[in-house]
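Trainee: Shown below is the structure under consideration.
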Amino acid sequence: MNRNVVVLHRFSWVLQLIWSSIAGSVIRLGRRVSGKRPRIWHGTFPMHMIKDMVDVDRLAGFTSFSIVHHTRLNPSYSLVNADDFDVVVAQDGHTWDVLHWATLCTFLRRADIFVMFFDTRFSAITRPEKTKLALSIMRWCGIRLIALPSGLDVVFLDQRTSRYGFLERLQKDYQQWDLESDRVHTRKMIQTICNNVDLVVSGDSVCSRFLMREDLRFKYFPVNISVDNTSEKNEQGRPLIVHAPNHRNIKGTASLVTATQRLRDAGFEFELRLVEKIPPPEAIEIYAQADIIADQFCIGAFGVFALEGLALGKPVLTYLDEEHLGDPIFNLPIVNTNPENLERVLAALIDVPELRTRLGYAGQSAVERYQSPNALAEVWSRIYRHLWWGEPLELEVTRHFSPERKPRSFTEDPALEKFWPVDIEDLLPRIQAAMRRVECTT
């Protein structure tokens, strides 16, 4: 493409931006003054939770859409496809170099509130000034902006470490991604976004430690499981443990494998299945067969997989840091499991079916009350109305932020009654006996 064509091409996009800015600003002002609810857009990185977040908005009575630049994430299998999103910009005939321009024009014309991940894709990570320009234009034109981390889009390697070396494990799983050399650029991009949005939602303590600003902290995405029969049981006769190690080092898969080997040596009978590179619908069917969901043992936080396991009525094992345990809004009946207590926790769950049943019922009930689409719709409705009309947040009136939720015990000893997130007083002797079987062989 010669220089004159390039100049003409850019000029055409400048004209489109100007027209979109003027037309969209007039429409937004009219909608706000007339009391119409804001139009919500989610994007632009193709995360699988976007579809459920859009559904939450619609459930709350808002017009909501999703927009992504593309859906090309993994060549071997895909967590998402084009049907999961309302707009896939790359499918509209735009070349890769103008996807951000086309997306910006869409927002300027049709968005009132944009809920974005820190990986906005408005510019390369080395060009935060371009992202700042895009965000500034949207705010000048009356669009309210909410930034939240999808997870790995805010992490970088610095001098800090965690109990089980989360960042060091992450680097092993992503050897082509130099977390240390990207530190300066990542920090600057995070700072740029934090300085140029209306609200920053951190998600949890793991993400918040990388952010320079945090207005709200909660698990912002819902869990919405749809299978033909969620009560379908494993018919193998032995408890089935399911683990989905999309990142083996981060998830602590080696600790799980070692623990199960020792349990077999001690005479425990069970099956272990690792679910890898399987599309979500097929994976959910496997999870529905599980007796125990083994999530992760090194990160310190729960995510989508843990919530899916709870929704399916399964005991879920996940390592939770003290900030999760001490914050009531993260209080779900997840079994706080790490490499040091993993064997004993599994021994109890394998040997005591009633314990699995109680945890399953409690998890399913808690997710429905606090993390379901209906529960999150209450929260997001108040957030949108606060940003659009200036109404008080008052999130404490929602189920998710209800004062009835209390902190959990910090103990990591499964031999203690207070360790378990359900009532196990009558089961405690059997739980302790199962643990002694493990201790006798170590």
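Trainee: Between 0 and 90 degrees, rounded to the nearest ten: what's the tilt of helix 353-370 against the longest Cα principal axis of the chain?
Mentor: The helix 353-370 is inclined about 20 degrees to the chain.
Trainee: Between the alpha-carbon centers of the stretch 241-265 and the stretch 380-410, tell me the distance in whole angstrom.
Mentor: 36 Å
Trainee: Sort the stretch 289-382 into rounded, prolate or oblate with this rule: let a ≥ b ≥ c be the square roots of the eigenvalues of the Cα gyration tensor; rounded if a/c is under 1.5, and if a/c is not under 1.5, prolate when a/b is larger than b/c, oblate otherwise.
Mentor: oblate
Trainee: Let me know the charge dipole size of the chain about its Cα centre in debye, to the nearest 20, where only the beta-carbon of Lys, Arg (+1) and Asp, Glu (-1) is charged.
Mentor: 1800 debye
Trainee: Below 8 Å, C-alpha to C-alpha, sequence gap of six or more: please give me the relative contact order for the stretch 111-247 in percent.
Mentor: Value for the stretch 111-247: 24 percent.
Trainee: Another question, if that's okay. Using per-residue counts of other Cβ atoms within 10 Å, averaged over each peptide, order 59-70, 276-287 from highest down.
Mentor: Answer by packing, highest mean first, reads 59-70, 276-287.
Trainee: Under a straight-distance cross-link criterion of Cα-Cα below 14 Å, which aspartates and glutamates are reachable from K314, leaving out those fewer than 8 residues away in the same chain?
Mentor: The qualifying aspartates and glutamates are E232, E285, D291, D295, E354, E368.
Trainee: Report the relative contact order of the chain, percent, no decimals, based on alpha-carbon pairs under 8 angstrom and at least 6 residues apart.
Mentor: Across the chain, relative contact order equals 13 percent.
Trainee: Among 190-203, 336-349, 170-183, how do they line up from the highest to the lowest mean number of other beta-carbon atoms within 10 Å?
Mentor: Those peptides, ordered most packed to least, come out 336-349, 190-203, 170-183.
Trainee: Determine which lysines satisfy two conditions relative to K418: a Cα distance under 19 Å, and not lying fewer than 8 residues away in the same chain.
Mentor: Result set, ordered by chain and number: K406.
Trainee: In whole Hz and in residue order, list the ³J(HN,Hα) couplings for the stretch 45-59 that follow from phi through the Karplus curve 6.51 cos²θ - 1.76 cosθ + 1.60, θ = phi - 60°; x for Gly and Pro.
Mentor: Calculated HN-Hα couplings, in order: 7, x, 7, 5, 7, 4, 4, 5, 5, 4, 4, 4, 4, 5, 4 Hz.
Trainee: Ignoring everything except DSSP H segments at least 4 long, calculate the 222 nm mean residue ellipticity for the chain; use -39,500 (n - 2.57) per segment, divide by total residues, nearest 500.
Mentor: Per the formula, -13000 deg cm²/dmol.
Trainee: Which one, (1) 145; (2) 155; (3) 298, gives volume of the Cα convex hull per residue in Å³ as derived from the coordinates shown?
Mentor: (1)
Trainee: Students often check this: by mean Cβ neighbours within 10 Å, which of 158-165, 108-115 ranks highest, and how do the rest follow?
Mentor: Taking the mean over residues of other Cβ atoms within 10 Å, the ranking is 108-115, 158-165.
Trainee: Please give me, ordered by residue number, the chymotrypsin sites (Phe, Trp or Tyr not before Pro) of the stretch 305-413 that lie in loop per DSSP and have at most 14 other Cβ atoms within 10 Å.
Mentor: Those that pass, being in a loop and sparsely packed, are F410.
Trainee: K132: which lysines have alpha carbons under 26 Å from its alpha carbon, excluding same-chain residues fewer than 8 sequence positions away?
Mentor: K188
Trainee: Normalised by the number of residues in the stretch 292-442, what is the relative contact order in percent for Cα pairs under 8 Å and 6+ residues apart?
Mentor: After rounding, I find 26 percent.
Trainee: Provide the percentage of antiparallel DSSP beta bridges, counting only those with both residues in the chain; round to the nearest 5.
Mentor: Among the beta bridges of the chain, antiparallel pairing accounts for roughly 0 percent.
Trainee: Amide H neighbours of L240 under 5 Å, counting only residues 5+ apart in sequence or on other chains, H built in-plane at 1.01 Å?
Mentor: Under 5 Å from the amide H of L240: E271, D291, I292.
Trainee: Per-residue HN-Hα couplings for the stretch 174-185, Karplus 6.51 cos²θ - 1.76 cosθ + 1.60 at θ = phi - 60°, whole Hz, x for Gly and Pro?
Mentor: 3J(HN,Hα) across the stretch 174-185, in whole Hz: 10, 5, 7, 9, 7, 5, 6, 5, 7, 4, 4, 5.
Trainee: If you take the beta carbon distance between D198 and R58 as r and set R0 to 25 Å, what does 1/(1 + (r/R0)^6) give as a FRET efficiency, to the nearest 0.05?
Mentor: For R0 = 25 Å, the calculated efficiency reads 0.70.
Trainee: To the nearest 10 degrees, how steep is helix 428-439 against the longest Cα principal axis of the chain, on a 0 to 90 scale?
Mentor: Its long axis makes an angle of about 90 degrees.
Trainee: Which whole-Hz ³J(HN,Hα) couplings does the stretch 130-139 yield from phi under the Karplus relation 6.51 cos²θ - 1.76 cosθ + 1.60, θ = phi - 60°, glycine and proline marked x?
Mentor: Per-residue couplings from phi come out as 6, 5, 4, 4, 4, 5, 5, 4, 4, 5 Hz.
No value in this document is a laboratory result; all are computed from the given coordinates. As the structure is a prediction and not an experimental result, all values here were calculated from the model. Methodologically, a virtual Cβ is constructed for each residue, glycine included, from the backbone with ideal geometry; neighbour enumeration extends over all protein chains shown.
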